[in-house]
Every structure is written in structure tokens, then in C-alpha cells.
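Student: Mind having a look at this structure? Questions to follow.
No value in this document is a laboratory result; all are computed from the given coordinates. This is a predicted model, so every value here is computed, not measured. Here Cβ is always computed from backbone atoms with ideal geometry, including for glycine, and neighbour counts include all displayed protein chains.
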Amino acid sequence: MNFFDQMETGTSDAREHFIRIPVISRTLAEGVPMDLYVSYLGQAYHHVRHTCPLLKAALERCGPDDLALADALREYIREEEGHEAWILDDIRDLVGPAAVTCTVGYEGDPPVRALVGFMYDAIARRGPYAMLGMVHVLEGISVQLAEKAAAAIAGRIGEAPDKGFRYMISHGSLDQEHVVFFRNLVNGIADPAAQALIIDTANMVYYLWGRMFEELDRTKEDVSRAA
């Protein structure tokens, strides 16, 4: 079994738990209200804006035996630069510039802060291959869910998918190519320690990113009950 397939097996429980999160299931089936979608974009901004810094931190940790990883990280940096601006554009298109100001004025909710902090720590303390665990989760989920979720949300809130959905739709399309690139990259990794680090990191990212969705959903329900 190649390593990509081993990784899929090693993260299957975390992936299935993530997909079964109620708000994820509802989003795919019927969309979500505008306020919940915009709240999601705000949280996404606070991890996406760290993507290139995390990639660069991983690149700095690469040694002479990590040439393939280093080349891949440089490619990811070129591909990912500026994506956080797409999110702000989507928020602006949907609810106006004031919401953009609110979004950039804080650091994100606790699960996103924990995710970002975990990734910086994993790269610094355990090594650059940790970054591939995050890449596997976020790009893999994008391919599976992003465009379908965008279509469902657009239908629910009455917007055309080309207004307020650039990040979700473009990210899903781009990541189709990234998955092939990623598969080829990880299948060239033979070091058991690096493999274990990638799988462990991916499982943690599934958990923390899932908590973000659960917290968003819980906050929305609390607001609805208080209204």
C-alpha cells in the first residue's frame, strides 16, 4: 500500500467524524443562512491568512534531505498567496465593508486560534512534514465539499454562486489539481517518522477544524434561542 492510501486509512475515523458534524451535513443538504456563512468566512480568513507564513516556516525547517518537500512548499506558497483577500472580497460582496473591518480586527474564535497555534508549534517542534497534514485535510475537504456546499448556500440565501463564493468555488477547483500533486509528493516519503507526523497532524487538524464548525453552529443556536 502506498503512503497516500495509508494516510487515507489512518485519518478515516477523523474524516468521517468531520463529515458527520451536523452543520456540515445540513450545509450540503440545504445550505445555511447568510449570517452563519459569513461567520464561517470570518473564521476561514483567520486560518488562511496564516497559510503562507506556515508554509514558509516549514520551508525554513527543511534540511538537505528534504529537497522534494522544499520544492513542494515553494510551489504551495506561489499558489496560496493572496487567498485571504478572496475571503475578504466575499464578505464585502455579501454584507459590506463594515463586516470586513470587524473580521480583520480580531484573531478568530478559540478553535481557529488553537489550530493556527498548533500548526506553528508542530512545525517548530516536530518538523516541516507536519505542514503536509494540514494540507491533506484542508485541500482534501475542499475537493469533496466546497463547490457542493457553495451551491447549496447560494441557493439558500438567494445569491448567484459568483457573488460571495469566490474563495469556496475557486479553492475547490484549484485543489483538484493540488490533490494529484499532493499524492505524488507524499508517495515519495519513505521515512516512517515523517509519515507518522503527517497522519497525526492531519487527525489533529480534522479535530480542531471540526470544533470550529461545531462552535459556529452552537453560537448560532444560542443567538436564535435568545432572540
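Student: Taking 0.36 nm per residue of sequence separation and subtracting the Cα-Cα distance, how much length would be gained by fully extending the chain between E16 and E30, in nm to one decimal?
Tutor: 3.1 nm
Student: Tell me the angle of helix 166-186 to the major Cα principal axis of the chain, expressed in degrees between 0 and 90 and rounded to the nearest ten.
Tutor: Helix 166-186 sits roughly 20 degrees off the main axis of the chain.
Student: Filter the chymotrypsin sites (Phe, Trp or Tyr not before Pro) in the range 102-156 down to the DSSP loop ones having no more than 16 other Cβ atoms within 10 Å, then list what survives.
Tutor: Hits after loop and neighbour filter: Y106.
Student: Further, regarding this structure: How much length would be gained if the chain were fully extended between R218 and A124, taking 0.36 nm per residue of separation minus their Cα-Cα distance, in nm to one decimal?
Tutor: Stretched fully, the R218-A124 segment lengthens by 30.6 nm.
Student: Turning to a different aspect of this structure: Determine the shape class of the range 1-74: with a ≥ b ≥ c the square roots of the Cα gyration tensor eigenvalues, call it rounded for a/c under 1.5, and otherwise prolate if a/b is greater than b/c, oblate otherwise.
Tutor: It is oblate, given that a/c is not under 1.5 and a/b is not larger than b/c.
Student: Here's something else I'd like to know. Could you state the angle between the C-alpha long axis of helix 83-95 and the longest principal axis of the C-alpha atoms of the chain, as a value from 0 to 90 degrees rounded to the nearest 10?
Tutor: 10
Student: List the trypsin sites (Lys or Arg not before Pro) within the range 1-97 that fall in a DSSP loop (any state other than H, G, I, E or B) and whose Cβ has at most 12 other Cβ atoms within 10 Å.
Tutor: R20
Student: Quick one: order F18, F181 by neighbouring beta-carbon count within 10 Å, fewest to most.
Tutor: Fewest-to-most Cβ neighbours within 10 Å comes out as F181, F18.
Student: Ranked highest first by the average count of other Cβ atoms within 10 Å around their residues, in what order do 145-153, 4-12, 186-194 fall?
Tutor: Order by mean packing, descending: 145-153, 4-12, 186-194.
Student: Can you give the helix-only mean residue ellipticity at 222 nm for the chain, where every DSSP H stretch with n ≥ 4 adds -39500 (n - 2.57) and the sum goes over all residues, rounded to the nearest 500 deg cm²/dmol?
Tutor: -26000 deg cm²/dmol
Student: Relative to the first principal axis of the alpha-carbon coordinates of the chain, what is the inclination of helix 51-61, with its axis defined by its Cα atoms, in degrees from 0 to 90 and to the nearest 10?
Tutor: 10
Student: What does the charge add up to near I123, with Lys and Arg as +1, Asp and Glu as -1, over the other residues with Cβ less than 12 Å from its Cβ?
Tutor: That sum, taken over residues with Cβ under 12 Å, equals +2.
Student: What does the charge add up to near R78, with Lys and Arg as +1, Asp and Glu as -1, over the other residues with Cβ less than 14 Å from its Cβ?
Tutor: So the environment of R78 carries a net charge of -4.
Student: Right, next: Quick one: Kirkwood hydrodynamic radius for the range 3-226, alpha-carbon pairs, angstrom, one decimal?
Tutor: 17.9
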